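The values are calculated or read from the model by the stated rules, or taken from the named source; none is laboratory data. Every value quoted in this text rests on a predicted model; they were computed, and no experiment measured them. Please note: Cβ atoms are built from the backbone with ideal geometry, for glycine as well, and neighbour counts cover all protein chains shown.
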């Protein structure tokens, strides 16, 4: 399940690792599961399944390493292998297109949605959460991992099994899309785009 | 543009950050864009952590593990 040497733990040690290093992340895991599936029941199943796998494969976890990243990776894999297959949701994003977009000269000159900080300050309800949920799951994921959970690019690359360059470009595109959604909210709240 | 993102996510060296801070003092588009990006990042942090996991979930997880472990 994870690279690295297999560890040997006694039953008591396994239980201790599980309680002290794995369970404290349950709320973050549940939120991640929810953001992936957008269903509370599915999130619950996904988290339960993840913890079950984590315990089963606990000897591939090395104490002192990042338990949260390890757990997130299992959850993400369960989501792709089990949940996505079940719901047969096709991947909608053409990454080739995203990559070439990002690497093109135009990226710095594109018209960014005009959004002002004071408009954002008024978004105290579910606006941001709804806007995030409206993004494609792969874009949603990188924002959650980076902005909410504070993972570094390198950790995200491991969790998602993608190169760091892809983490960066996906994150860039995700933020762009999120900004577009938020500027629509801002418009509907009556903020005018006077600064274009 | 890419630098803005690296700064935002704290993935730069101290020197790079200092260099960029100096740059922003004279570059309004970068400054504004950075302010908005930081505000959104903060908003995600504050508003998207969702609900806590249901209490019975931990019990179910424990029960499942004990069962399979026995």
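A few points about this structure:
- Verdict on residue B:59 being on the phi < 0 side of the Ramachandran plot and within 10 Å of another protein chain (Cβ to nearest Cβ): no
- Just one of the listed residues (A:35, A:56, A:40) is within 9 Å of another protein chain (Cβ to nearest Cβ), surrounded by fewer than 16 Cβ atoms within 10 Å (Cβ to Cβ) and over 24 Å from residue A:5 (Cα atoms), and it is A:40.
- The set of residues in the stretch A:144-167 being facing chain B (nearest Cβ under 10 Å) and surrounded by fewer than 23 Cβ atoms within 10 Å (Cβ to Cβ) consists of A:148, A:149, A:150, A:152, A:153, A:154, A:164.
- Any chance residue A:113 is surrounded by fewer than 18 Cβ atoms within 10 Å (Cβ to Cβ) and either modelled with pLDDT of 70 or more or more than 24 Å from residue A:152 (Cβ to Cβ) (or both): no
- Annotation: residue B:50 fulfils all but one of (1) at positive phi; (2) assigned to a helix (DSSP H, G or I); the unmet one is (2).
- Within the stretch B:1-28, considering residues that are at pLDDT below 90 and facing chain A (nearest Cβ under 9 Å), the one farthest from the chain's Cα centre (by Cα): B:1
- Set A:71, A:23: member being within 15 Å of residue B:58 (Cβ to Cβ), part of a helix (DSSP H, G or I) and more than 9 Å from chain B (Cβ to nearest Cβ): A:71
- Annotation: residue A:184 fulfils all but one of (1) part of a loop (DSSP other than H, G, I, E, B); (2) at pLDDT below 95; (3) surrounded by fewer than 23 Cβ atoms within 10 Å (Cβ to Cβ); (4) in contact with a helix residue (DSSP H, G or I) (Cβ under 9 Å, 6 or more places away or on another chain); the unmet one is (1).
- Candidate set from the stretch B:33-56 (those that are more than 7 Å from chain A (Cβ to nearest Cβ) and free of Cβ contacts under 8 Å to residues at least 12 places away in the same chain); member that is surrounded by the fewest Cβ atoms within 10 Å (Cβ to Cβ): B:55
- Candidate set from the stretch A:119-135 (those that are free of Cβ contacts under 8 Å to residues at least 24 places away in the same chain and facing chain B (nearest Cβ under 9 Å)); member that is surrounded by the most Cβ atoms within 10 Å (Cβ to Cβ): A:129
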